[in-house]
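*Asks:* Let me give you the structure first, and then I'll get to my questions.
The values are calculated or read from the model by the stated rules, or taken from the named source; none is laboratory data. For clarity, every value in this text was computed on a predicted model and none was experimentally measured. Note that each Cβ is placed from the backbone with ideal geometry, even for glycine, and that neighbours are counted across all protein chains shown.
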Amino acid sequence: MDDKTNERDTEEVEVSSHSFLDIIQRRLSGYMKKLFRHSKKEVGIIIDGPNLLRKINGKRVSLKEIRRQAEKLGRISVAVAFLSPDAPASLIKALSNSGFEPRVVPIGDIHVAMAVETMRLLKEEAIDVIIIGSRDSRCLPILQKIKSEGAIAAVMGFEPGFSVSLKNAADEIIELKLKEVKNLD
């Protein structure tokens, strides 16, 4: 009876240490990939479309400018723009043509969708920098989570109305300029 108990205990220890070793090996592998891939950091862009891509006094931000500013922080791996259902087809087309993945979400769920995508990038992708494109202080918990997971939290926005709390929480701030733009590119 004691021998069987000892065998079962030994098997449990081997299983638990095996699981622990697998976790350590996966994490070490992830760190090594990050360390040795290439010198540029991997960047993810998550845009609050209704907040950042809106027209104000006949001016708006350029999608090319958003990408150009983001590329200063590294190589863009993921670029997603969350839009409300009333987003014009021209905006969706311009986003697609500019290398963004447009995602239409129900009204009121944009910040939830942004938070879910941020967690996916943090847990499943090897992203070093996540840029949140929004001027809205409701994105503050997203920035805080990015930082707590060890990634660089950047915020991208423009005046008027660029939340001071977002700027204070971010590791990097990207100030965009509004321009008279006939098309969105």
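*Asks:* Taking only region 27-55 into account, find how many residues are surrounded by 10 or more Cβ atoms within 10 Å (Cβ to Cβ) and either of a type in the set (Lys, Arg) or at pLDDT below 80 (or both).
*Replies:* Restricting attention to region 27-55, the residues satisfying the condition of being surrounded by 10 or more Cβ atoms within 10 Å (Cβ to Cβ) are 27-34, 37, 40-55.
Now drop any that are not either of a type in the set (Lys, Arg) or at pLDDT below 80 (or both), which leaves 27-34, 37, 40-41, 54-55.
Number satisfying all stated conditions: 13.
*Asks:* Among the residues of region 131-143, are any among the basic types (Lys, Arg) and either at pLDDT below 85 or more than 28 Å from Asn57 (Cα to Cα) (or both)? Explain how you work it out, then say what you get.
*Replies:* Our first condition is that a residue be among the basic types (Lys, Arg); within region 131-143, this holds for 135, 138.
Applying the additional criterion that residues be either at pLDDT below 85 or more than 28 Å from Asn57 (Cα to Cα) (or both) yields none.
No: zero hits.
*Asks:* Moving on. Can you confirm whether region 87-101 contains a residue that is in contact with a Phe, Trp or Tyr (Cβ under 8 Å, 6 or more places away or on another chain), farther than 16 Å from Ile132 by Cβ and among the aliphatic types (A, V, I, L, M)?
*Replies:* Taking region 87-101 and keeping what is in contact with a Phe, Trp or Tyr (Cβ under 8 Å, 6 or more places away or on another chain), we get none.
The answer is no, given that none of the residues of region 87-101 is in contact with a Phe, Trp or Tyr (Cβ under 8 Å, 6 or more places away or on another chain), farther than 16 Å from Ile132 by Cβ and among the aliphatic types (A, V, I, L, M).
*Asks:* Within region 128-149, track down each residue that is part of a helix (DSSP H, G or I) and surrounded by 19 or more Cβ atoms within 10 Å (Cβ to Cβ).
*Replies:* Scanning region 128-149 gives Cys139, Ile142, Leu143, Ile146.
*Asks:* I need a count of the residues in region 74-112 that are in a loop (DSSP other than H, G, I, E, B), within 15 Å of Ile47 (Cβ to Cβ) and among the hydrophobic types (A, V, I, L, M, F, W, C).
*Replies:* 3
*Asks:* With the checklist (1) under 17 Å from the mean Cα position of the chain (by Cα); (2) farther than 21 Å from Gly161 by Cβ in hand, flag the one item Ala89 doesn't pass.
*Replies:* It fails just one condition, (1).
*Asks:* Please specify each residue of region 150-160 satisfying the condition of being free of Cβ contacts under 8 Å to residues at least 60 places away in the same chain and either surrounded by 16 or more Cβ atoms within 10 Å (Cβ to Cβ) or among the hydrophobic types (A, V, I, L, M, F, W, C) (or both).
*Replies:* To start, the set of residues in region 150-160 that are free of Cβ contacts under 8 Å to residues at least 60 places away in the same chain comprises 150-151, 153, 155, 159.
Ala151, Ala153, Val155, listed by residue number.
*Asks:* Go through (1) at pLDDT below 90; (2) buried (at least 18 other Cβ atoms within 10 Å of the Cβ) for Gly99 and report which single condition fails.
*Replies:* Unmet condition: (2).
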